[in-house]
Each structure stands twice: as structure tokens, then as C-alpha cells.
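Chemist: Take this structure first; my questions come after.
Where a number appears in this text, it was derived from the coordinates with a stated rule and is not lab data. Everything numeric in this text was worked out from a predicted model, so none of it was measured. Ideal geometry is used to build each Cβ from the backbone, glycine not excepted, and the neighbour counts take in all protein chains shown.
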Amino acid sequence: MTMHSSKEQNSSKQNSYEVNFDGLIGPSHNYGGLSHGNVASKSNALKISQPRKAALQGLEKMQANRSFGLQQGILLPQQRPHLPTLRKLGFSGSDKSIIQQVSNSAPELLASCYSASSMWTANACTVSPSADSADHKVHFTAANLSSMFHRSIEHQCTAKLLRVIFDNDEYFSHHDALPMSSQFGDEGAANHSRFTNSYGEQGLQLFVFGRYAFRQNSVATAKFPSRQTYEASLAISRLHKLDESQVVFAQQNPKIIDAGAFHNDVVSVSNLNTFFMHEEAFVDKAAMQAELRQKFAALAPGNPELNSELNFVEVPTDMVSLESAVKSYLFNSQLLQLPNQDGMTLVLPEESRENAEVSAYLEWLQTQSTPIKEVKFVDVRQSMQNGGGPACLRLRVALTQAELDATNSNFILNDDRLSKLNQWVERHYREEITPSDLADPALAEENFVALDELTQLFELGSFYEFQQ
Ligand code: SUG
């Protein structure tokens with residue numbers, strides 16, 4: 001591998017990329033109804049899932065991004081069922097006997113340990129690019145996901161995988177998840193945005209939280225949990241060595257969490273110098289926008305090459321109600337800068353085309369003078385039925401050329417790997433999973449065979465616990 005000096009690394013003249021790392025949807029994809037406050041997860045609880053279709057939809061989305069000329073990365077599914085968690089909870093004996101005991105006495109625990117929820121990689125971790133950090137490294141903090149039991153068991157495997165993919169101390173710095181307590185609830189990049197003029201330039205990071213953990217009398221939700229705390233966001237900004245002048249903290253509107261926006265990426269999405277957001281997304285929108293504008297303009301004073309203006313594209317409630325925003329996942333889209341194109345492209349879930357209010361809004365948006373010039377739609381319905389849209393399925397990692405070169409290239413997709421993955425899915429995934437299928441030890445066995453083969457495809461060795 002070529003070594004680069006840190007001077008070269010920081011050069012703004014270097015090429016830089018936003019690489020989307022999508023989650024490969026695992027073979028146990030099912031509808032467990034596990035996420036309180038996530039309307040789709042609850043309303044599709046215990047429906048029959050289609051794991052093969054789900055994974056193929058995910059791969060097609062990744063291929064579409066590649067066809068736009070973008071670099072596309074991939075993160076792997078986790079070991080499910082996660083029997084080590086069930087053993088921790090007191091179940092013992094052979095794998096088969098544990099599955100039988102749990103399905104008889106605690107089916108909700110079996111569903112939790114079977115969830116393929118690591119597919120939503122926007123919740124895998126928070127990433128800060130090297131241009132922003134005092135030590136000029138890319139920082140990763142695995143999200144503890146402590147609010148939902150089925151998600152709280154993801155972070156160890158996530159952190160391990162990130163260390164395999166970004167395995168170079170010169171460029172990358174890894175942090176384990178924050179302490180597992182409700183005061184430090186952290187949901188990763190789904191509540192984090194970054195504004196910049198170009199991915200390799202210094203940027204401004206926006207940390208969005210749902211509640212304060214230690215402050216009395218702060219505004220709070222009435223119905224659904226606020227998963228991210230201010231204290232967690234603050235800790236991550238410290239870990240990532242970000243300067244105060246480059247961060248803004250803003251509280252998500254509790255009303256909108258109670259309407260089903262359990263993560264901020266359900267009501268806003270950013271790219272470069274543009275913020276596409278619902279007008280009711282934040283508690284104090286005016287203060288947040290003023291601070292963002294002021295800090296963004298101060299990033300590069302006196303550099304005439306840089307634009308110091310931020311663009312806010314706000315969607316008013318009288319054009320798109322909160323209910324339509326949550327149902328259609330209008331904002332859970334990928335806002336992309338495609339190579340050799342002037343404006344930005346918004347890649348939305350099909351569901352937003354089918355919502356009359358949202359589709360009328362999108363028509364109108366394209367007649368307006370904003371950075372968003374084009375809309376495209378993607379079919380990720382299997383994931384959507386668990387509350388995961390196009391933006392949930394991807395983790396954005398801004399990398400310089402040198403950092404991309406230092407990234408494990410097995411995890412950057414090419415034609416060959418995509419075709420192998422499609423074949424792997426066809427070979428191993430069930431067409432359907434019903435809730436009662438989780439009780440069948442043969443399903444666990446099949447999943448392990450599939451994952452074992454996957455580790456060979458990615459040259460990972462004995463990565464999963466069942467292989468050790
Ligand atoms: O955490 N759904 C996920 C969806 C995550 C969406 N991610 C972002 N918005 N970035 C969640 O609620 C449902 C699983 C089930 O019910 O089977 C679930 O975990």
C-alpha cells in the first residue's frame with residue numbers, strides 16, 4: 001500500500017468522495033414488530049417477509065448508485081439468530097434446544113435475536129471525515145442503539161467490521177459504542193448531517209438529538225421514545241476531536257417524534273451545502289438555521305473559491321403533512337451529487353411517488369430554483385415495511401483518495417462482487433419467512449451456512465461467533 005504524508009492527506013486539491021456503504025440485507029429479514037415508535041414496524045408486525053426479494057432489492061439499489069458513477073461500499077449482515085445473547089439471558093444447551101426453549105417461553109426474545117436490523121447502516125455508527133477532526137483522521141463511533149433491545153446487540157459486531165474495513169491507524173480512528181445507558185442513547189449517522197462545499201473540505205457537523213438526559217424541564221415526547229440524547233451527541237463530538245466552531249446541536253421536535261419520526265433522517269436529509277427538511281422538524285428552527293449559517297460562513301473566511309451560503313429547502317406542512325412525510329419517507333432519501341451534473345438528485349422510495357401530496361410536492365419542487373434538480377425512485381419495499389428507506393440503508397463515509405486507497409477494497413463494490421452476491425442470495429435465502437418459521441432450528445442452520453460462505457467471499461476468516 002502507498003503511504004501518504006499527512007500534509008498530502010489534508011490537501012484540498014486531492015480528490016474526495018462520499019462513499020455510501022449500504023447494508024447487505026441478511027437472510028433472516030422478518031417483521032418482528034420490535035420498534036415502538038416506528039409506525040411501519042408496528043403496522044407490519046408478524047406479516048410474512050420475503051428475505052430473498054429484500055436482499056435483491058438492496059443489491060439493485062447499490063447497483064443503481066454505481067451506475068450513476070458513484071463509489072459504492074457494502075457492510076455485511078450480522079450473525080442471526082444471535083445465540084450468544086440468548087445464552088447471556090440464561091438459556092443453555094445445544095443451539096437447537098435453545099431455539100426450542102426460547103420459542104416456547106419467550107418468542108419476543110427469539111424475534112429480537114433474529115432481527116436483520118443491521119441492514120440499516122445509517123444507524124451503524126457516526127462518521128466524522130478527516131478534514132474536520134483535529135488529528136486529521138476519519139473517526140468512527142459505533143452506535144450503541146441502546147433504546148431497542150434487538151438493536152442494542154449490533155454494536156460489537158459493527159465495531160469489529162468497521163475495524164476490518166478501515167484497518168489503518170494512519171488514516172482511521174475507531175471508538176467503541178458509548179456506555180449502554182438510556183442517558184447515552186445513540187443512533188448513529190441517522191441523526192447526524194454534515195455541510196461542506198466539497199467532501200474533502202472542512203465541514204460543519206449538525207448533531208440532532210431527541211432529548212436532554214440530565215436537564216430538567218426540557219421539552220419531551222408524550223407518546224414515543226426519543227432515542228438520541230444530547231449527552232450522547234456531545235460525547236461523540238468530543239471523541240471525534242471536533243472544534244466547537246464546527247458543530248451545531250439541535251433538538252428534534254418531540255411532536256414529530258410522536259408522529260413517527262424516530263430518527264431525524266425521517267424528516268430531513270443533507271448533502272454538501274444543502275439541507276432538505278420539513279419545516280416542523282426542529283424545536284427551534286430559526287436558531288438552528290442562524291447558527292448553521294453563521295458557522296458555515298466562518299469555515300473558510302476570505303477564501304473566494306468557496307461558497308459561504310447554505311441552502312435550506314424547507315417543506316411546509318400545508319404542502320406535506322407530518323403524516324404524509326412519515327408514511328412516504330420523502331426525506332429518507334439519498335440527496336446525491338452525481339459526477340458531471342450541475343444540480344443534485346434526490347433518490348426517493350417508491351412510496352413517495354404513490355403519496356398524492358408528496359408527489360404533487362415533488363412536481364412543484366422541480367419547477368423551483370433550488371439545488372435539487374432531479375428526482376429518481378427506488379424500490380426497497382421489503383425494508384420500508386420495517387421503517388427503513390433508502391437513506392436508512394446507507395452509511396455515508398467521506399473519504400479522500402488516499403483514505404479510499406487505504407480502505408479494504410473487498411468492501412467497495414465492483415461488477416464481479418455484485419454478481420457473486422446476487423448468486424449467493426439466490427442460493428441461500430428463503431423466499432418467505434413467517435413468524436413461526438423462527439422456531440425452526442433449520443432456519444438458524446441455513447443462515448449460518450450462508451454467512452460462512454459470505455466470510456469466504458469477503459476473505460474475512462472466522463469473523464462470526466458461530467465460526468469460532
Ligand atoms: O430502528 N426498524 C428500524 C428501522 C431503522 C431505520 N433507520 C433509519 N431511520 N436510519 C428501527 O426502528 C424494525 C424491526 C422489526 O420490527 O422487525 C426495526 O428495527
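Chemist: Output the relative contact order of region 341-426, whole-number percent, from Cα pairs under 8 angstrom with separation of 6+ residues.
Modeler: Computed over region 341-426, the figure is 29 percent.
Chemist: Give the aspartates and glutamates reachable from K420 as a straight Cα distance under 12 Å; neighbours fewer than 8 places away on the same chain don't count.
Modeler: E453
Chemist: Taking the Cα centre of each part, how many Å lie between region 139-180 and region 181-239?
Modeler: One Cα centre to the other: 16 Å.
Chemist: Moving on. When the dipole is taken about the Cα centre of the chain, and only Lys, Arg (+1) and Asp, Glu (-1) are charged at their Cβ, what size is it in debye, to the nearest 20?
Modeler: Roughly 660 debye for the chain.
Chemist: Which aspartates and glutamates, on any chain, are close to K47 with Cα under 14 Å apart, when same-chain ones fewer than 8 places away are left out?
Modeler: Within the straight-line cut-off, K47 pairs with E431, E432, D437.
Chemist: Short version: what are the Cα gyration tensor semi-axes of the chain, square root of 5 times each eigenvalue, largest first, in whole Å?
Modeler: One finds semi-axes of 33, 26, 22 Å for the chain.
Chemist: If you don't mind, another one. Cross-link candidates for K255: which lysines have Cα within less than 27 Å, leaving aside residues fewer than 8 places away along the same chain?
Modeler: Qualifying lysines at Cα under 27 Å: K42, K223, K285, K327.
Chemist: May I ask for the distance between the Cα centers of region 421-468 and region 27-106, given as a whole number of Å?
Modeler: 11
Chemist: Still on this structure, I have one more. Loop-only trypsin sites (Lys or Arg not before Pro) in region 190-226, please: DSSP not H, G, I, E or B, and at most 11 other Cβ atoms within 10 Å.
Modeler: In loop regions of region 190-226 (DSSP not H, G, I, E or B), the sparsely surrounded trypsin sites (Lys or Arg not before Pro) are R215.
Chemist: Another question, if that's okay. If you scale each eigenvalue of the Cα gyration tensor by 5 and take the root, what three semi-axes come out for region 214-308, rounded to whole angstrom and sorted largest first?
Modeler: 27, 17, 11
Chemist: Give me the net charge for the shell around T370: Cβ to Cβ below 14 angstrom, other residues only, Lys and Arg +1, Asp and Glu -1.
Modeler: -4
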